[in-house]
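The values are calculated or read from the model by the stated rules, or taken from the named source; none is laboratory data. Keep in mind it's a predicted model, so treat the numbers as computed, not measured. FYI the Cβ positions are ideal-geometry reconstructions off the backbone, even for glycines, and counts take in every protein chain you see. Quick note on the areas: whole protein, heavy atoms, side chains included, nothing else; ligands and nucleic acids left out. Shrake-Rupley method; radii C 1.70, N 1.55, O 1.52, S 1.80 Å.
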Amino acid sequence: MIITVDPEATEESVRTILEVAAQHPGITPRKYDYRGANTTVTEIHLIGPAEIIRTIPEKLFSELPGVRSVLRVSTRYRLIGRHGQKHQSPGFEYNGVAFDESRVHLFAGLCAVDTPENVGKVMSELAANGITTTRMGAYKPRTSPYDFQGLGKECLPWTFELAGKHGIKIVAMEVTNERQIEEIQDALRASGNATGVMLQVGTRNAQNFELLKQLGQQGTFPVLFKRGMGITLEESLNACEYIASEGNPQIVFCLRGVKTHLGDPHRNMVDFAHVPVVRRQTKLPVCVDPSHSVGRLDRAPDHLFDIFHVVGQGVICGASMVLVDFHPDPKTALCDGAQALRLEQLPLLVEYVNKVRAAYEDVCAAAART
Ligand code: PEP
Ligand code: MN
């Protein structure tokens with residue numbers, strides 16, 4: 001059961017709700033604050049055996065002062081879940097960047113960091129286009145042990161320093177274990193917190209529950225959770241819940257295509273039609289990764305790369321974040337060069353994202369009037 005507290009509720013009202021809940025043996029009430037850029041939502045969750053919760057009448061809480069709504073929750077992903085139309089999705093703010101339903105952020109950058117020159121070129125082009133968010137892979141989990149595994153902690157100092165120099169506020173960076181989280185924390189501190197980092201869970205680690213728990217226990221960084229490529233959406237949502245259940249509500253859920261040969265010739269079957277599904281089922285901002293979905297640089301007869309078209313699909317569906325691979329010289333990239341856009345394509349991509357987002361907002365406004 002989830003009790004949503006009125007924003008104007010007094011501290012005493014909140015205390016009363018907690019006390020009434022605690023009167024039920026076997027039930028632990030827990031308070032959660034979701035702090036978005038525009039609104040903070042406070043919820044009190046009743047934790048305990050379903051058999052006991054079932055016996056607690058909703059009226060017990062709905063008639064208390066300071067209660068906005070009482071919801072009975074049937075999904076297992078209780079914390080990340082959006083339980084009904086009225087359940088709010090406040091999003092979150094990190095390092096001055098707001099993640100919520102009212103905007104979209106382009107995270108354009110290197111799949112894998114290779115040289116300071118390339119990191120500098122990407123970041124200065126981002127700055128020239130007014131973008132403050134990027135992706136930079138330092139730790140690369142690869143299909144083959146003989147492929148480039150990423151530069152690891154060695155590249156963190158200059159990557160963060162360059163980010164600071166170019167006004168980058170968030171770097172999305174994949175991690176596969178706890179040691180890497182500490183390395184990022186240390187390097188960031190040593191850089192004088194020159195930038196911020198969003199820790200990324202790759203599709204291959206979507207069910208690495210120990211990693212997910214560690215990402216949930218650290219309160220420093222938000223997490224970009226990528227859907228598992230070969231599991232159901234429901235399984236991915238339950239896995240993602242591990243992060244929230246360990247205490248970190250700052251999560252973005254990322255769609256990146258799913259593995260099936262029915263998606264050929266694209267690398268994965270693009271699943272961006274699931275953006276509205278994830279938005280309905282969870283209160284998380286949703287990201288799309290067109291680069292790892294499409295995996296190649298073919299142009300359609302209209303001159304646009306398939307990757308652009310797929311960016312459009314994600315944005316027109318209301319994605320809050322887009323993750324795109326770029327490289328100054330894709331043929332020399334050490335990882336995923338075949339899908340990397342050249343920096344010259346960045347201004348057009350920015351224009352495209354803004355235009356599609358504007359079209360999306362127009363049609364949403366029209367839908368709200370019907
Ligand atoms: C990546 O974003 O660099 C990556 C490896 O993606 P995925 O986990 O979706 O394959
Ligand atoms: Mn990649």
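Couple of notes before you dig in:
- Ranked by how many other beta carbons lie within 10 Å on average, peptides 9-20, 38-49, 165-176 from highest: 165-176, 38-49, 9-20
- For the chain, carbon and sulfur atoms together expose 51% of the accessible surface, with a 1.4 angstrom probe and every protein chain in place.
- Local electrostatic count at residue 231 - Lys and Arg +1, Asp and Glu -1, tallied over other residues with Cβ under 15 Å: +2
- Based on alpha carbons, the Rg and Dmax found for segment 2-74 are 12.0, 37 Å.
- For q = 0.13, 0.15 Å⁻¹, Debye-computed log10 I/I(0) when each Cα of the chain counts as one equal scatterer: -1.04, -1.31
- GNM top mover of 95, 208, 118 - the chain, alpha-carbon springs below 10 Å: 95
- Additional length obtainable on full extension of the chain from residue 344 to residue 238, 0.36 nm per residue less Cα span: 34.2 nm
- Rough spin-label spacing in nm, given labels placed 7 Å along Cα→Cβ, for residue 245 and residue 179: 2.8
- Figure legend: label point modelled 7 angstrom from the Cα of residue 52 along Cα→Cβ; residues of segment 4-22 with amide N under 16 Å from it are 18-22.
- Accessible surface for segment 93-368, divided over its residues, is 39 Å² per residue with a 1.4 Å probe.
- Each peptide among 260-270, 78-88 gets the average number of other Cβ atoms lying within 10 Å of its residues, and from highest to lowest they stand as 78-88, 260-270.
- Aspartates and glutamates whose Cα lies under 15 Å from that of residue 226, excluding same-chain neighbours fewer than 8 positions away: 174, 234, 235, 241, 271, 289
- For the chain, the membrane-span-like helices by this rule, meaning whole DSSP H stretches whose C-alpha atoms cover at least 30 Å of axis and whose Kyte-Doolittle mean is 0.0 or above, are 346-369; this says nothing about an actual membrane.
- Cβ-Cβ FRET estimate between residue 370 and residue 147, R0 fixed at 45 Å, reported to 0.05: 0.30
- One way to sum up the overall shape of segment 85-166 is the equivalent ellipsoid from its Cα gyration tensor, whose semi-axes run 28, 18, 11 Å, largest first.
- Where both bridge residues fall in the chain, DSSP classifies roughly 45% of the beta bridges as antiparallel.
- Using the 1.4 Å probe convention, the accessible area of segment 2-74 works out to 58 Å² per residue with neighbouring protein chains retained.
- Total charge dipole magnitude, the chain, about the Cα centre, Cβ charges on Lys, Arg, Asp, Glu only, Debye to nearest 20: 520
- For residue 175, residues with placed amide H under 5 Å, excluding near neighbours: 200, 202
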